[in-house]
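Shown next, in structure tokens, is the structure this report addresses.
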Amino acid sequence: MSTRFASALERLWNGLLAYAVKFGVVGLIGLVIDVALFNLLRLGAFGEGHWAQSAIGAKTISTSVAIVFNWLGNRYWTFRNHRRRNYLREFAEYAIVSLGGMAIALGCLWISHHWLGYTTLVADNIATNVVGLGLGTAFRFVLYRYWVFGHHRADGLSNLARVEEAQRAIFEEPEGASSPTNAPTT
């Protein structure tokens, strides 16, 4: 394998694929939380005859719980080098993107359940946890990676580390540089 090809693969892995794998693991755990809570609510495990048992209510609650879990997982694992000092602003932006993803899943569920008339638990799960989740995941990944946890963010930890490195390079003598006392004499 050529060095150029290996270098390209390494850049691809470090630039996108490593994030995608970690994002997938966090998302998979969040999915288990979301699906389990959705089905428990739909089946009436927390009481019957209220909004939380309806398809839309159960999905809103289950996705909201999964959003908080996913933010913590993505902040402290997936994008840990790009998380921001202002965690409240980061969470607000994360929530905005997550609510967009939730709107996609709820839209798929509403179309299936209320417009097409597929009201079984299996149909609700397919509409929201397969179709809606797939569409919403692609939407969220792009916006999390390039907006919420974008390396360009001024208050991001990776950006601050690059600034500190540049300051050291400008204002400090590089390691191994020869000093005037060690300079050769002519």
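The values are calculated or read from the model by the stated rules, or taken from the named source; none is laboratory data. Remember, it's a predicted structure, so these values are computed and weren't measured experimentally. Methodologically, a virtual Cβ is constructed for each residue, glycine included, from the backbone with ideal geometry; neighbour enumeration extends over all protein chains shown. Areas reflect the complete protein model, heavy atoms only, side chains present, ligands, DNA and RNA absent. Shrake-Rupley method; radii C 1.70, N 1.55, O 1.52, S 1.80 Å.
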Could you go through the range 82-95 in sequence order and give the Karplus-derived ³J(HN,Hα) for each residue, using 6.51 cos²θ - 1.76 cosθ + 1.60 with θ = phi - 60°, rounded to whole Hz, and x for Gly and Pro?
-> 10, 5, 10, 5, 7, 5, 5, 5, 4, 5, 4, 5, 4, 5
Between the alpha carbon centres of the range 19-80 and the range 95-132 the gap in Å comes to 13 Å
For the range 65-131, what are the per-bin percents of Cα-Cα distances with bins 5 Å wide, up to the bin holding the maximum?
-> 4, 16, 21, 17, 12, 12, 9, 6, 3, 0
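Among the chymotrypsin sites (Phe, Trp or Tyr not before Pro) in the range 24-83, which ones are in a DSSP loop with at most 13 other Cβ atoms within 10 Å of the Cβ? Mind listing them?
Values: sites: Phe38, Phe46, Trp51, Phe69, Trp71, Tyr76, Trp77, Phe79; in loops: Phe46, Phe79.
Here the chymotrypsin sites (Phe, Trp or Tyr not before Pro) that fit, given the DSSP loop and packing criteria, are Phe46.
Using the per-residue mean of other Cβ atoms lying within 10 Å as a proxy for protection, in what order, highest first, do the peptides 126-133, 94-101 fall? Let's see the in-between values first.
Working: 126-133: 21.0, 94-101: 18.5.
Averaged packing, sorted descending, gives the order 126-133, 94-101.
Express the Stokes-Einstein translational diffusion coefficient of the range 13-103 in µm² s⁻¹, to the nearest whole number, given a Kirkwood radius over alpha-carbon pairs, 20 °C and a viscosity of 1.002 mPa s.
Values: Rh = 14.1 Å.
Taking Rh from Cα pairs, D becomes 152 µm²/s.
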Can you pull out the trypsin sites (Lys or Arg not before Pro) in the range 79-123 that DSSP calls coil and that have at most 13 other Cβ atoms within 10 Å?
-> Arg85
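Find the percent of Cα-Cα distances in the range 1-155 that exceed 23 Å, and round it to a whole number. Don't jump to the answer; show the numbers that get you there.
Values: 5117 of 11935 pairs.
I get 43 percent for the Cα pairs in the range 1-155 exceeding 23 Å.
For the range 44-108, with every protein chain kept in place, what is the accessible area per residue (1.4 Å probe, Å²)?
Working: 3100 Å² over 65 residues.
On a per-residue basis, the range 44-108 sits at 48 Å².
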